[in-house]
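**Student:** Okay, here's the structure, questions in a sec.
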Amino acid sequence: MWKRCGGFDFVVCGGGLSGLVVASRLSEDPSVSVAVLEAGGDVAHWPDSQIPGFFTKNLTKPEIDWMFFTTPQAHVNDRSIYVPRGKGIGGSSILNFMTLGRASTVEYDAMEGLSGKGWNWSNYLKYFKKSETFSADPEMAAKHEFKPDPEVYGTKGPLHRVLPRWISQLHMPFYKALHSLGVPHQYDSSNGHTAGTGTGTGAIHPHTATKTSAVSAYYEPAKDRPNFTVIKFAHVHKVLFSRTDDSENLVATGVEYIQDGSIKIVMAKKEVILSAGSCQTPQLLELSGIGDSKVLAAHGIPVLQDLPGVGANLQDHLSTGFTAEMNPKYESMDVLANDPMRAGAEWQLYETKRQGMFTAVSSVAYAFLPTKYFADVEAIKKAVEDPTVNRDADELKGMTKTIELEKEWLVHDEVPQLEIVQVPAFLPTAGYLPTPGKRYFSIFVALMHPLSRGTVHITSPDPLVPPAIDGHFLENKVDTSLLISALHFARKVVRTEELKDIVIKEVIPGERVESDEELERYVKNTLSTVFHPVGTASMLPHEEGGVVDERCMVYGTENLRVVDASIIPVQLAAHTQATVYALAEKAADLIKDSLQKS
Ligand SMILES: Cc1cc2nc3c(=O)[nH]c(=O)nc-3n(C[C@H](O)[C@H](O)[C@H](O)COP(=O)(O)OP(=O)(O)OC[C@H]3O[C@@H](n4cnc5c(N)ncnc54)[C@H](O)[C@@H]3O)c2cc1C
């Protein structure tokens with residue numbers, strides 16, 4: 001059964017982080033009507049999604065998590081790796097772990113070279129500030145070597161960003177351990193200089209100590225505007241186009257979606273904007289006839305626009321962990337899982353005073369490390385020169401350029417290759433369980449610029465069949481060797497004098513896992529992503545395999561844009577959400593500008 005709904009000026013597909021930013025900003029103009037179609041429902045007010053300390057609790061709940069898995073990964077022992085993605089209003093901003101961080105000026109400025117004018121640090125900084133209101137308790141900041149530079153923070157933006165109220169007592173010893181190994185400290189790493197240790201911040205409300213997200217920041221203020229409509233449980237199938245002449249660009253006229261078992265159509269008078277995220281935006285493009293003609297032909301989808309870059313260039317941060325048993329005289333968040341009395345007291349503290357462990361993300365003790373701090377730069381230089389280490393990417397020259405850029409960054413003093421985070425608890429690691437009653441000191445290690453490139457493509461013309469996510473993880477040997485070096489480094493960290501009283505013994509991977517070969521096996525058995533996929537609808541030149549231009553417009557179309565993490569052409573050494581908020585803010589301004597000119 002088909003139903004046709006009325007038209008809107010803008011139809012936004014996906015009510016996640018970017019979709020809500022764009023829709024909310026466009027609807028600031030009362031003369032413009034905006035509809036957001038979101039496949040999920042209202043999830044932001046589930047009690048567990050509001051409380052920072054419950055940050056992992058909603059994973060694998062099908063109402064809120066799409067729960068994708070990669071295809072079996074050939075270089076990771078054929079494991080299918082979990083790819084959580086937020087479902088429902090707010091998208092992954094509801095499911096995420098709240099960390100808000102920025103990459104280095106070098107990385108943002110390099111994006112301008114790849115993507116086009118304006119996508120540089122100075123504009124990102126402008127939109128970081130526009131999106132946020134920052135606050136930090138001065139005493140807490142001083143205690144944790146954090147000296148926020150007021151010049152780089154927003155004071156009037158909708159998203160609250162804070163230094164959490166509870167910070168583990170292991171934070172400072174971790175820093176000291178790293179400093180003893182020659183790692184410098186950044187008193188404020190939001191200024192574009194990130195190499196070294198640096199205290200992190202989170203998307204948390206300063207007064208209520210509850211999570212802030214695209215819902216609290218962008219949806220709540222807009223939801224009562226008469227020109228702002230959100231259509232829930234609306235699973236978009238495809239974009240509809242008109243084209244009078246084959247030589248002309250496609251004109252998006254609306255979208256088809258399914259809701260309550262009926263197929264419906266909503267018309268777009270001005271533009272359609274895809275904001276379904278890095279896994280589902282390429283799926284929507286392909287289902288709409290825009291993508292690699294070979295992929296579309298395999299599923300009998302007529303090719304409206306041949307763009308081989310759709311679904312290519314997938315990149316994600318790759319992680320593994322290192323865990324040590326800790327002296328029980330130190331506090332760890334393990335008590336929340338294995339000490340009901342203590343967990344109850346912490347809960348009481350949160351409920352009555354908004355204090356304690358539940359107010360916090362697991363850690364704000366970060367270090368972002370360029371190669372020279374944790375690996376042998378000369379060996380890495382040699383390894384990247386090996387012509388066999390990259391997949392042939394000739395038809396996607398833009399993607400090859402991003403790999404070349406990352407090769408330069410591998411030996412750059414300002415661009416981090418590794419994120420290491422002190423986690424004051426047992427770090428969930430595939431194949432390992434904590435011993436009840438013990439306390440743990442863990443180090444999360446994540447590769448920031450993997451050279452391997454993956455794909456996301458449809459496997460069926462049926463929009464309800466999930467896309468195939470093939471990360472090609474660790475296909476490039478340099479990625480594996482950097483992770484092995486990272487584990488050697490984590491081991492050095494826990495063996496420093498500074499942590500002598502804290503760490504009792506290494507438990508994962510365990511001291512017997514010592515040689516590079518043994519560590520490689522461990523990496524393959526435990527590798528996870530950090531849930532930061534980008535690149536699958538890259539903003540790159542058309543002739544180089546790009547999908548969107550510098551205005552976020554899909555090549556070969558008049559009025560179809562992509563605004564979400566998928567347009568970021570190269571992975572950055574930072575958790576993605578702050579960048580995606582800024583990117584969506586900038587895209588909203590671009591669209592407003594083009595409205596004024598039309
Ligand atoms: C578990 C997890 C933890 C994370 N932790 C952090 C963190 O601590 N810090 C950080 O910086 N980043 C984190 N991230 C990443 C960050 O949340 C994402 O980078 C960001 O939300 C991406 O925004 P987006 O708009 O591209 O996609 P999303 O926010 O995922 O939005 C996409 C939306 O589109 C909807 N959708 C998809 N397909 C359709 C369709 N066919 N029809 C209608 N709607 C559709 C989805 O339901 C979703 O609401 C995390 C992500 C996850 C999943």
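**Student:** Give a residue-ordered list of calculated ³J(HN,Hα) values for the stretch 45-54 (Karplus: 6.51 cos²θ - 1.76 cosθ + 1.60, θ = phi - 60°; whole Hz; x for Gly, Pro).
**Tutor:** Values per residue, Gly and Pro as x: 9, 4, x, 5, 7, 8, 9, x, x, 9 Hz.
**Student:** Tell me, what ³J(HN,Hα) does each residue in the stretch 315-322 have, in order and in whole Hz, if you take phi through Karplus 6.51 cos²θ - 1.76 cosθ + 1.60 with θ = phi - 60° and put x for Gly and Pro?
**Tutor:** 9, 9, 5, 10, 9, 8, x, 9
**Student:** When you take every Cα atom in the chain, what is the radius of gyration, and what is Dmax, the widest Cα pair distance, in Å?
**Tutor:** So, for the chain, Rg and Dmax equal 23.2, 75 Å respectively.
**Student:** In whole angstrom, how long is each semi-axis of the equivalent ellipsoid of the stretch 443-598, when you take the square root of 5 times every eigenvalue of its Cα gyration tensor and sort them from largest down? It would help to have the intermediate numbers written out before the result.
**Tutor:** Details: eigenvalues 329, 75, 33 Å².
Equivalent ellipsoid semi-axes, largest first: 41, 19, 13 Å.
**Student:** So which DSSP H runs in the chain come out at 27 Å plus along the axis (Cα) with average Kyte-Doolittle of at least 1.6?
**Tutor:** Both cut-offs are met by no helix.
**Student:** Quick one: Glu38, Glu543, Glu406, Glu331, fewest Cβ neighbours within 10 Å first, how do they rank?
**Tutor:** Placing the least packed residue first, the sequence is Glu543, Glu331, Glu406, Glu38.
**Student:** Right, next: So how do Lys129, Lys382, Lys592 line up by other beta-carbon neighbours within 10 Å, fewest first?
**Tutor:** Fewest-to-most Cβ neighbours within 10 Å comes out as Lys382, Lys592, Lys129.
**Student:** Hey, another quick one. Amide H to amide H under 5 Å from His160: which residues, 5+ apart in sequence or cross-chain, H placed 1.01 Å off N in plane?
**Tutor:** The list, which skips near neighbours in sequence, is Thr133.
**Student:** A follow-up question, please. Report, in deg cm²/dmol and to the nearest 500, the calculated mean residue ellipticity at 222 nm for the chain, where each DSSP H run with n ≥ 4 adds -39500 (n - 2.57) and the sum is divided by the residue count.
**Tutor:** Counting only the DSSP helices, I get -8000 deg cm²/dmol.
**Student:** Let me ask something else about it. Compactness ratio of the stretch 17-60: Cα Rg over 2.2 N^0.38 Å, N = residue count?
**Tutor:** 1.54
**Student:** Which of the aspartates and glutamates could a cross-linker bridge to Lys147, judged by Cα under 15 Å and excluding same-chain residues fewer than eight apart?
**Tutor:** Asp137, Glu139, Asp188
**Student:** Given +1 on the Cβ of Lys and Arg, -1 on the Cβ of Asp and Glu, and no further charges, what dipole in debye does the stretch 78-132 carry about its Cα centre, rounded to the nearest 20?
**Tutor:** 240
**Student:** Could you sort the peptides 476-485, 310-319 by per-residue average Cβ neighbour count (10 Å cutoff), highest mean leading?
**Tutor:** 310-319, 476-485
**Student:** Continuing with this model, one more query. Can you classify the stretch 419-461 as rounded, prolate or oblate using the Cα gyration tensor, where a ≥ b ≥ c are the square roots of its eigenvalues, rounded means a/c under 1.5, and otherwise it's prolate if a/b beats b/c and oblate if not?
**Tutor:** oblate
**Student:** Only sites in a loop by DSSP and with at most 12 other Cβ atoms within 10 Å count here; which GluC sites (Glu not before Pro) in the stretch 476-539 make the cut?
**Tutor:** Passing sites in the stretch 476-539 are Glu511, Glu514.
**Student:** Would you mind checking Lys57/Lys438; Lys126/Lys597; Lys382/Lys505; Lys294/Lys382 for any pair whose Cα atoms are more than 28 angstrom apart?
**Tutor:** Long pairs (Cα-Cα over 28 Å): Lys382/Lys505; Lys294/Lys382.
**Student:** Now for a separate question. Sort the following peptides by mean Cβ neighbour count (other Cβ atoms within 10 Å, averaged over residues), highest first: 347-355, 580-588, 96-104, 436-444.
**Tutor:** The most tightly packed comes first, giving 580-588, 96-104, 436-444, 347-355.
**Student:** If each residue's Cβ is checked for other Cβ atoms within 10 Å, how do Val456, Val251, Val445, Val421 rank with the fewest at the top? Before the final figure, lay out the partial values.
**Tutor:** Values: Val456 30, Val251 17, Val445 26, Val421 22.
Listed from fewest to most nearby Cβ atoms, that is Val251, Val421, Val445, Val456.
**Student:** Under the rule of at least 5 residues apart or a separate chain, name every residue whose amide H is placed under 5 Å from the amide H of Val423.
**Tutor:** The list, which skips near neighbours in sequence, is Ser442, Ile443, Phe444.
**Student:** Taking amide H positions as placed 1.01 Å from N in the peptide plane, with prolines and chain starts having none, which residues 5 or more places from Lys238, or on another chain, fall under 5 Å of its amide H?
**Tutor:** Glu256
**Student:** Further question: Which net charge results for the neighbourhood of Glu286, defined as the other residues with beta-carbon distances under 15 angstrom from its beta-carbon, given Lys and Arg at +1 and Asp and Glu at -1?
**Tutor:** Summing Lys and Arg as +1 and Asp and Glu as -1 gives -3.
**Student:** Among the lysines, which have Cα under 22 Å from the Cα of Lys143 when same-chain residues fewer than 8 positions away are ignored?
**Tutor:** Lys176, Lys329, Lys353, Lys500
**Student:** Here's another thing I want to ask about it. Would you work out which of Ser180, Ala195, Trp119 lies farthest towards the positive end of the dipole of the stretch 101-210? Charges go on Cβ: Lys and Arg +1, Asp and Glu -1.
**Tutor:** With unit charges placed on the Cβ atoms, the residue in question is Trp119.
**Student:** Let me ask something else about it. Share of antiparallel DSSP beta bridges in the chain, in percent to the nearest 5?
**Tutor:** Working: 57 of 89 bridges.
Bridges in the chain that DSSP calls antiparallel: roughly 65 percent.
**Student:** Taking K and R as +1 and D and E as -1, what net charge do the other residues with C-beta under 12 Å from the C-beta of Pro164 add up to?
**Tutor:** +3
**Student:** What fraction of the DSSP beta bridges in the stretch 37-184 is antiparallel, stated in percent and rounded to the nearest 5? Don't skip to the answer; put the middle values down first.
**Tutor:** Working: 5 of 9 bridges.
Antiparallel bridges make up about 55 percent of those DSSP assigns within the stretch 37-184.
**Student:** Which of the chymotrypsin sites (Phe, Trp or Tyr not before Pro) across the stretch 210-312 are loop residues per DSSP, with 16 or fewer other Cβ within 10 Å? Intermediate values should be presented prior to the final figure.
**Tutor:** On the way: sites: Tyr218, Tyr219, Phe228, Phe233, Phe241, Tyr257; in loops: Phe233.
For chymotrypsin sites (Phe, Trp or Tyr not before Pro) across the stretch 210-312 that sit outside H, G, I, E and B with at most 16 neighbouring Cβ atoms in 10 Å, the list reads Phe233.
**Student:** Short version: ³J(HN,Hα) in whole Hz for each residue of the stretch 504-514, in order, from phi by Karplus 6.51 cos²θ - 1.76 cosθ + 1.60 (θ = phi - 60°), x for Gly and Pro, what are they?
**Tutor:** Result, ordered by residue: 8, 7, 5, 10, 9, x, x, 4, 6, 8, 10 Hz.
Here, each number is a calculation from the coordinates, and none is a lab measurement. Remember, predicted model here, so these are calculated numbers, not experimental data. Because the Cβ atoms are built from the backbone with ideal geometry, glycine has one as well, and the counts that use them run over all protein chains shown.
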